[in-house]
Amino acid sequence: MQAAHLTVDTRRSFLAQVCRLGAAALLGSAGAARTTFGEQRSKERLIIRSPRPEDLETPPHLLTSWITPNDLFYVRSHFYTPVLNEAEWKLVIDGNVDRPLEITLSELRSFPSIRQVVTLECAGNGRAFFEPRVPGVQWEKGAVGTAEWRGVRLRDVLARAGAARTARYLWLDGADRGIDRAPDFIRSLPVEKALDPATLLVYEMNGEPLPVSHGFPLRAVVPGWEGAYSVKWLTHIRVSESDHDGPFTQSGYRRPRRPVKPGVLVAPSDTVPVRELPVKSLITSVAHDANVSRAEVRIAGFAWVGDAEIRRVDVSTDNGRTWNEARLGRERAQYAWRQFEYLWRLRETGSYAVMSRATDSRARVQPIVAEWNPAGYLWNAIDQVRLNVQVE
Ligand SMILES: Nc1nc2c(c(=O)[nH]1)N[C@H]1C(S)=C(S)[C@@H](COP(=O)(O)O)O[C@H]1N2
Ligand SMILES: [Mo]
């Protein structure tokens with residue numbers, strides 16, 4: 001019985017694989033975006049911040065479920081999307097290890113498999129709202145999503161390679177390469193976080209093989225930390241005694257040690273790496289500037305934080321004068337966002353700023369003003385939409 005299931009599964013993923021590679025080869029030769037036809041069609045409801053490299057944002061009102069479907073999940077890629085062949089792909093683990101490894105996907109599948117629901121958010125989500133403006137992709141609210149990832153614990157794989165006691169960082173490198181003379185995208189993950197049992201190498205996203213845009217065939221998922229640690233198309237892990245000295249560690253993904261005056265320059269020595277996601281919430285049930293004329297409007301959305309739990313979410317329907325505690329959804333996981341819901345009974349015609357404000361288990365609250373920083377990371381001000389109300 002079980003064997004029969006396995007056969008069907010294997011055949012299905014083999015067929016998916018053939019389709020993927022066929023379509024990708026065609027697109028590749030035509031020089032078009034290197035995703036499959038299926039993925040191109042299914043991502044069409046996303047906002048294109050850049051077609052190639054592929055940067056796609058989810059309009060918040062499409063985030064209706066706890067798990068974000070793959071076709072609605074935001075995409076952030078610095079460089080062109082590499083299309084890898086599973087049969088030829090392997091992961092190299094070397095550097096400060098007893099036994100350097102080259103490991104195939106089927107070998108990885110023989111490690112204990114873990115399923116985990118994790119929210120990913122780009123460090124630059126909300127960058128468009130910083131004043132003065134900062135350079136970079138002008139993400140608004142939707143560079144965030146939640147998926148059920150399936151893969152193996154990074155620590156289990158590391159144990160096979162035997163990381164040395166002196167190891168302090170893992171340099172994660174994917175198959176994408178810098179455009180023109182741009183440097184390679186390599187991220188440096190501290191060994192303590194790499195050994196956390198929640199840090200995974202994943203080959204499935206919401207029950208499907210990892211889509212090409214999301215890192216096929218293997219990516220890291222580093223829960224609670226900004227998205228750039230979750231390196232896609234992973235091919236090489238180098239274990240090191242030192243931090244990587246490339247620009248994606250030493251200048252990018254860093255923020256000032258202390259709050260600075262908006263607009264100033266900050267010396268690299270006055271910066272620290274961006275890691276945990278701050279407490280944040282997002283209203284998704286109503287679009288900004290919508291007209292509503294029902295008796296009751298559902299104000300709902302999601303709240304998340306990197307290294308704690310969401311304790312409460314409050315909603316204001318009167319420009320922030322008064323606040324009402326929202327109900328939190330039942331679906332939860334340690335590193336996943338939590339749904340919230342507040343039913344607003346409409347009383348008076350008018351136009352209102354409706355807001356959501358999350359508080360975490362360490363009593364941290366979303367601020368009214370997000371802390372400005374030169375690269376525009378970690379925008380987390382209280383969320384706000386305008387609703388134009390007509391009471392019959
Ligand atoms: N190899 C590689 N991995 C990468 C990136 C990249 O450009 N190249 N972008 C990172 C960034 S900045 C983010 S926010 C997440 C986005 O993951 P997603 O595209 O699956 O949503 O992937 C990360 N992993
Ligand atoms: Mo990102």
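The values are calculated or read from the model by the stated rules, or taken from the named source; none is laboratory data. Computed from a prediction, not measured in an experiment: that's the story for all the values here. With ideal geometry, Cβ positions are generated from the backbone for all residues, glycine too; neighbour counts draw on all protein chains shown. When the accessible area is computed, the model is the full protein with side chains, heavy atoms only, and any ligands, DNA or RNA have been set aside. Shrake-Rupley method; radii C 1.70, N 1.55, O 1.52, S 1.80 Å.
Taking the Cα centre of each part, how many Å lie between region 144-178 and region 79-103?
11 Å
How large is the accessible surface of residue 368 in square angstrom, using a 1.4 angstrom probe and rounding to the nearest 10?
Per-residue accessible area (residue 368): approximately 140 Å².
Taking the Cβ-Cβ separation of residue 267 and residue 369 as r and a Förster radius of 35 Å, what is the calculated FRET efficiency to the nearest 0.05? Show your work: numbers first, answer last.
Working: r = 24 Å, r/R0 = 0.68.
E(calc), rounded to 0.05, equals 0.90.
So with the 1.4 Å probe, I'd like the accessible area per residue for the chain, rounded to whole Å². It would help to have the intermediate numbers written out before the result.
Working: 18520 Å² over 392 residues.
For the chain, the per-residue accessible area is 47 Å².
Rounded to two decimal places and with Rh computed the Kirkwood way over Cα pairs, what is Rg over Rh for region 149-265?
1.00
Output the 0 to 90 degree angle, nearest 10, between the alpha-carbon long axis of helix 2-30 and the longest principal axis computed from the alpha carbons of the chain.
Roughly 80 degrees, rounded to the nearest 10.
Taking springs between alpha-carbon atoms closer than 10 angstrom, which of 347, 181, 257 fluctuates most in the Gaussian network model of the chain?
So, out of 347, 181, 257, the one fluctuating most is 181.
What distance in nm separates the simple spin-label points at residue 180 and residue 290, each placed 7 Å from Cα in the Cβ direction?
4.3 nm
Summarise the accessible area of region 46-250 (1.4 Å probe, protein heavy atoms) by the percent that is carbon and sulfur. Don't jump to the answer; show the numbers that get you there.
Details: 3790 of 7740 Å².
So the carbon and sulfur contribution to the accessible surface is 49 percent.
How many percent of all Cα-Cα pairs in region 263-316 sit more than 19 Å apart?
Working: 776 of 1431 pairs.
Here the tail beyond 19 Å accounts for 54 percent of pairs.
Ignoring solvent entirely, what values of log10 I(q)/I(0) come out of the Debye formula for region 322-370 at 0.26 Å⁻¹ when each Cα is a single scatterer?
-1.23
Out of every Cα pair in the chain, what percent are spaced more than 36 Å from each other? Let's see the in-between values first.
Values: 19925 of 76636 pairs.
For the chain, the share of Cα pairs beyond 36 Å comes to 26 percent.
At q = 0.15, 0.28 Å⁻¹, what is the log10 ratio I(q)/I(0) for region 189-254, with the Debye formula run over Cα points and no solvent?
Treating every Cα as an identical point scatterer, log10 I(q)/I(0) equals -0.52, -1.36.
Write down the radius of gyration of region 181-327 and its Dmax, each obtained from C-alpha positions, in Å.
In order Rg, Dmax, the Cα atoms of region 181-327 give 20.0, 62 Å.
Take the Cα of residue 241, step 7 Å along the line toward its Cβ, and report every residue of region 129-170 whose backbone nitrogen sits under 13 Å from that point.
Residues 164-169 qualify, since their backbone N sits under 13 Å from the label point.
With the dipole of the chain worked out from charges on the C-beta (+1 for Lys and Arg, -1 for Asp and Glu) around the Cα centre, which of 242, 163, 350 lies farthest toward the positive end?
Value computed over the given set: 350.
Hey, rough spin-label estimate for residue 343 and residue 324, points 7 angstrom out along Cα→Cβ, what's it come to in nanometres?
The modelled label-to-label distance comes out at 1.0 nm.
Return an integer: the convex hull volume of the alpha-carbon atoms of region 46-250, in Å³ per residue. It would help to have the intermediate numbers written out before the result.
Values: hull volume 25.1 nm³, N = 205.
Measuring per residue, one finds 122 Å³ for the Cα hull of region 46-250.
Give me the percent of the accessible area of region 280-389 that comes from carbon and sulfur atoms, probe 1.4 Å, all protein chains in place. Walk me through the numbers before you get to the answer.
Working: 2360 of 5380 Å².
Roughly 44 percent, rounded to a whole number.
Taking the Cα centre of region 46-250 as origin and charging only Cβ (+1 Lys, Arg; -1 Asp, Glu), how large is the dipole, in debye to the nearest 20? Walk me through the numbers on the way to the answer.
Numbers: 23 positive and 27 negative charges, 40 e Å.
The dipole of region 46-250 has a size of about 200 debye.
How big is region 280-389 by the Kirkwood estimate over distinct Cα pairs, in Å? The partial results should precede the final answer.
On the way: mean 1/r = 0.0694 Å⁻¹.
After inverting the pairwise mean of 1/r, the radius is 14.4 Å.
Taking the Cα centre of the chain as origin, sum charge times position over the Cβ atoms of Lys and Arg (+1) and Asp and Glu (-1), and report the length of that vector in debye to the nearest 20.
Numbers: 52 positive and 46 negative charges, 76 e Å.
It comes to approximately 360 debye.
Can you send over the solvent-accessible area of residue 141, 1.4 Å probe, protein chains only, in Å² to the nearest 10?
Here the residue's solvent-accessible area equals roughly 50 Å².
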